[in-house]
Amino acid sequence: MIEITNLTKRFTGNRGGTVHALSEVDLTIADNEFVTVLGPSGCGKTTLLRALAGLTGWDEGDILVDGEPVRSPGPERAMVFQNFALLPWASVLDNVAFGLELRGEARGRRHATARELIGLVGLDGFEDRLPGELSGGMQQRVGLARALAVQPRVLLMDEPFGALDEQTRRILQQELLTIWERRRLTVVFITHSIEEAVLLGDRVVLMSPRPGRIAETVPVDIPRPRSFDLHGLGRTEEFTTLTTHLWERLRSMHPDTHPDTHPDRAGARR
Amino acid sequence: MTTAGPAPRSRPPGRIRRLLGTDLPYQMLTLLVVAALWEGYARTHESILLPTFTETAAATVTLLGEGELWRAAWLSNQALVLGFLIAVALGVPAGLLLGRFSAIERYTDVYLSILLVTPMAGIIPLLVMSVGFGLASRVILVALFSVVMAVTNARAGIRQIDASLIEMSRTFGASEAQIWRRVLIPGAMPAIMTGVRLALGRAVTGMVIVELLMVSVGYGGLILTYRSHFDAPALYAVVVIVLSEAVLLISAARWIERKMTPWATSHHSPRSTA
């Protein structure tokens, strides 16, 4: 279980004023829950994830993972990065085994684990390739396999599919859900896509900017396993209601929103 | 490989095609053209100061057979090898540290720039006065010449590493030592090797300059001797030999660079090495 209480992070802005990156954020995430965090740029969603990962500090509040306060990165948490963050000089096999290598696991054992995960993410036969030889989707599969290889209880995903094209993103969303349903782990998934947030999450945490705080938490009562070609799930009433509601909320907090502004224009900005 | 179908039977054409894929034949052709132009010019403008290409070639062969050259090469290369190794051994770690801890930069940046632009010839008298005419001052000058390349390239190598790789390592619990070993050094390796190669080039320059201006021994000493004898072919032959050595050394450095960093696409490799 993840318990975030009263999390506040300030930093000094360019003109000397204090900016609240996060303000009094309270959030409890159950074991094996899939939580998506949605919000416009500058709402602090990435800061929240980096705090959870132990990569950045904060000014007030607490983060507990299974009762243990988070101070630094820990073995029970693993992160998947938007830009994949693969070692360009290392093979797929060595990239997937990297987390285990850092933990000092012997070569044979870590490679065995890595091969198993390479199979899980559908990259059999690509073990010896370098990241530069792979497509973006395949690179993120490597990133996912690397995170899963250390057997985390919590998977932290920072807009992992944001850099991918639409088709690849859909395929990876589906595969991520399949893996999550099989492995049962807690996922905190940052996104700025409303559809993605609803398709994947048990709950959508909507954040608003300046100061970064939780605006609303929306449960997604769409049964699992979800299969989401937009002609199935995408056309259900629950899906439409949820995405419409989230869009209204997001639009109202968007700086470009003005009574005269055409909604299409605001939408195009993301 | 994109070629489909069974491998061609006749081997020589394949070998020739592979050779044509490298830069060597084209470079040889350039050399041939330059040699022909040189020969033609020198024959039509007869001068004691300008030997023909064939005279130079003959003098080079003769010189290669003489102990005098090899003694000079031995002397020169002592300074070259020692100075270059010192420059790399000090310059690369210094550059890596500067790249990682930019706070140090404040103290050093201006001095690096000075080192980069100062005409080194100007500090030769200073060196001679403090260290004397021995091997030590030649080694120091070679090192001074080449160290800047090692430092600046290693520093740039660290700087251009994707910061998310370091964050990623930290999320997996990497220690600073592990980050150095597994991320920073491999990530900076292409730039480090480029720096080593450029440092080698500057070391050769430094070696010759110090011998021409300060201590007339080695290659530089030979050049000065032949100049005073108006023996132009031999003088040119020494230059040819120094150039050949430089080309060989730099090719070797480039080869090592490619072997060590096969993933890097930044270095100028021949087209057909894929």
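Each residue in A:253, A:207, B:28 was given a count of other beta-carbon atoms within 10 angstrom of its own, and listing them fewest first yields B:28, A:253, A:207.
For the range A:86-151, the Kirkwood estimate of hydrodynamic radius, built from reciprocal distances between every pair of different alpha carbons, is 11.2 Å. Counting only DSSP H runs of at least 4 residues, each contributing -39500 (n - 2.57), and dividing by the residue count of chain B, the helix-based mean residue ellipticity at 222 nm comes to -25500 deg cm²/dmol.
Grab the other residues whose beta carbon is less than 12 angstrom from that of residue B:80, score K and R as +1, D and E as -1, and report the net.
0
Say we join alpha carbon atoms closer than 10 Å with springs in a Gaussian network model of chain B; which of B:99, B:173, B:83 then has the biggest fluctuation? Judging by the Gaussian network model, the answer is B:173.
Exposed loop sites here are GluC sites (Glu not before Pro) assigned a DSSP state other than H, G, I, E or B and surrounded by at most 12 other beta carbons within 10 Å; excluding them, the longest clear run of chain B is B:67-274. Find me the longest stretch of chain B that has none of the exposed trypsin sites (Lys or Arg not before Pro), where exposed means in a DSSP loop (not H, G, I, E or B) with at most 11 other Cβ atoms within 10 Å. Longest gap between qualifying sites, sites excluded: B:10-270.
If we count every other residue with Cβ under 11 angstrom of residue B:97's Cβ, Lys/Arg +1 and Asp/Glu -1, where does the sum land? So the surrounding residues net to +1. When the Cα positions of B:173, B:190, B:90 are compared along the charge dipole of chain B, B:173 comes out farthest toward the positive end, with charges on each C-beta of Lys, Arg, Asp and Glu. The share of alpha-carbon pairs in chain B lying farther apart than 24 Å comes to 63%. Would you please state the base-10 log of I(q)/I(0) at q = 0.10, 0.17 1/Å for the range A:11-163, with intensities from the Debye formula using one equal scatterer on every alpha carbon? One equal scatterer on each Cα of the range A:11-163 leads to -0.42, -1.02. The loop-placed trypsin sites (Lys or Arg not before Pro) in the range A:1-40, going by DSSP, that have at most 16 neighbouring Cβ atoms within 10 Å of their Cβ come out as A:15.
Computed across the protein assembly as shown, the Kirkwood radius stands at 28.5 Å (inverse of mean 1/r, all Cα pairs). Once both labels are positioned 7 Å from their Cα atoms along Cα-to-Cβ, the gap between residue B:224 and residue B:22 label points is 3.9 nm. Seen against the Cα atoms of chain A and their longest principal axis, helix A:166-183 is set at about 70 degrees.
Per residue of peptide B:158-167, the mean number of Cβ atoms on other chains within 10 Å of the residue Cβ is 3.
Computed from Cα positions, the angle between helix A:107-120 and the longest principal axis of chain A comes to roughly 50 degrees. Of the chymotrypsin sites (Phe, Trp or Tyr not before Pro) found in the range B:52-133, those that fall in a DSSP loop while having at most 11 other beta-carbon atoms within 10 Å are B:101.
Restricting the count to DSSP beta bridges whose residues both fall in the protein assembly as shown, what percent are antiparallel, rounded to a multiple of 5?
Taking every DSSP beta bridge with both residues in the protein assembly as shown, the antiparallel ones total about 55 percent.
Using only Cα atoms, locate the centre of the range A:112-177 and the centre of the range B:129-145, then give the distance between them in Å, rounded to an integer. Centre-to-centre distance over Cα atoms comes out at 56 Å. Since only B:242, A:74, B:99 are under comparison, the one whose Cα sits farthest along the positive direction of the charge dipole of the protein assembly as shown, derived from C-beta charges on Lys, Arg, Asp and Glu, is B:242. By DSSP, the beta bridges lying fully in chain A are antiparallel in about 55 percent of cases. With the alpha-carbon atoms of chain A aligned to their principal axes, the span from lowest to highest coordinate is 61, 45, 33 Å, starting with the largest.
Bear in mind these aren't lab numbers, they're just calculated from the coordinates by the rules spelled out. Just so we're clear, the structure is a prediction, and the values are computed from it rather than from any experiment. All Cβ positions, glycine included, derive from the backbone under ideal geometry; neighbour counts span all protein chains shown.
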